[in-house]
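The structure appears right after this line, and notes come after that.
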Amino acid sequence: MRPATLYRLSRHSDADRTGRWRPERLTVHTARVSISGARKTADTVHVYETTDRDGNNLHVAHVHYGRGHWDNGAFMTEIYEIPTAALLEI
């Protein structure tokens, strides 16, 4: 079973630069806790059902933190990829 994967992207409004981080592997439990916490603090949280390239069912969560959450000039976007089969095992 493939673990959940987290992708992060930040963009600073005061400069023309974008920071990217390598994908992080995390447990499905950690991803669920992070998304649940984000529902209380983030500007937007959207969860989509889709399939990956191999046809496996996948949930994609898009979490967007606006300016001022991390620092005054940046916003942060987190994208979680969670295999649907792993969600059903919990």
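Candidates are the residues of the range 35-80 that are of a type in the set (A, V, I, L, M), open to solvent by less than 50 Å² (accessible area, probe 1.4 Å) and part of a strand (DSSP E or B); the one that is modelled with the lowest pLDDT is A74.
One residue stands out among those in the range 22-34 that are touching a residue at least 12 places away in the same chain (Cβ under 8 Å) and outside any strand (DSSP E or B): the one that is most open to solvent (accessible area, probe 1.4 Å), which is H29.
The values are calculated or read from the model by the stated rules, or taken from the named source; none is laboratory data. What you see is a predicted model, and the numbers here were worked out from it, not measured in a lab. Every residue, glycine among them, receives a Cβ derived from its backbone with ideal geometry; neighbour counts consider all protein chains shown. The area values use the complete protein model at the heavy-atom level, side chains included, leaving out ligands, DNA and RNA. Shrake-Rupley method; radii C 1.70, N 1.55, O 1.52, S 1.80 Å.
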